[in-house]
1. Among the residues of segment 41-50, is any surrounded by fewer than 21 Cβ atoms within 10 Å (Cβ to Cβ) and over 19 Å from residue 186 (Cβ atoms)?
2. Any residue that is in a loop (DSSP other than H, G, I, E, B) and either in contact with a helix residue (DSSP H, G or I) (Cβ under 8 Å, 6 or more places away or on another chain) or at pLDDT below 95 (or both) - is there at least one of those in segment 2-9?
3. Being touching a residue at least 24 places away in the same chain (Cβ under 8 Å), closer than 21 Å to residue 135 by Cα, out of contact with any helix residue (DSSP H, G or I) (no Cβ under 6 Å at 6 or more places or on another chain) and in a loop (DSSP other than H, G, I, E, B) is the filter here, so list the residues in segment 176-211 that pass it.
4. Starting from segment 56-82, take each residue that is closer than 21 Å to residue 158 by Cβ and list its partners that are modelled with pLDDT under 95, counting only C-beta distances under 7 angstrom and pairs at least six apart or across chains.
5. Against the condition over 16 Å from the mean Cα position of the chain (by Cα), in contact (Cβ under 8 Å) with a residue 40 or more places away in the chain and part of a helix (DSSP H, G or I), how does residue 144 come out, does it pass?
6. With under 21 Å from residue 6 (Cβ atoms) and either in contact (Cβ under 8 Å) with a residue 12 or more places away in the chain or touching a strand residue (DSSP E or B) at 6+ places or on another chain (Cβ under 7 Å) (or both) as the only criterion, which of 156, 173, 139, 164 stands out?
7. Mind telling me which of the residues 57, 100, 23 ends up being modelled with pLDDT of 95 or more, outside any loop (DSSP other than H, G, I, E, B), more than 11 Å from the chain's Cα centre (by Cα) and crowded, with 22+ Cβ neighbours inside 10 Å?
8. For segment 88-97, what are the residues that are buried (at least 20 other Cβ atoms within 10 Å of the Cβ) and free of Cβ contacts under 8 Å to residues at least 40 places away in the same chain?
């Protein structure tokens, strides 16, 4: 296991749910992070899907107790920009040699994506044993992830993609799952209205999910 992967595993172990955040307005980033951290979810994934994402990472990186990461890393340029903005870990929907090399060069812990046994084995061969299972529900859900775990018990996962309050426990009950990624703890309507107390309450509920 690489030190990069070991650090990613430590971050995944902070709470049962990692909020997956799509932030349109960077001004909302800090209060959003404060609400999620107060609710018991310190590891935060800001997806690089909006023009505000990097500024949001900068704002969240200043929140005490928070560990902010950049999601949807696809290219080495994404990695460098995320690290410069203050990201403390990275998440990718898949993995390429160039992406892995960039994260290692920038000393950015990476949670690389895998959806099949072959992809998981290729990443294990590179020293990565803490992976993102994506897209989780579309790839067969908890039953598929359980099946992958039977021959590959040395690999752990953070399933993301379609994880919800209705099925989160199904994933978290698996031996090869450390945490799950979910967007329901920061619904768009509550973010836009500034309902930080409501988001903190959702985070508190998610933080109590058993692993």
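1. No, that holds for no residue.
2. Yes, segment 2-9 has at least one match.
3. Correct list: 183 only.
4. none
5. Here the answer is no, as residue 144 does not meet what is asked.
6. 156
7. Sole residue among the options that is modelled with pLDDT of 95 or more, outside any loop (DSSP other than H, G, I, E, B), more than 11 Å from the chain's Cα centre (by Cα) and crowded, with 22+ Cβ neighbours inside 10 Å: 57.
8. Across segment 88-97, the qualifying residues are 90, 95.
The values are calculated or read from the model by the stated rules, or taken from the named source; none is laboratory data. The shown structure was predicted, so the numbers you read here are calculated from the model rather than taken from an experiment. Please note: Cβ atoms are built from the backbone with ideal geometry, for glycine as well, and neighbour counts cover all protein chains shown.
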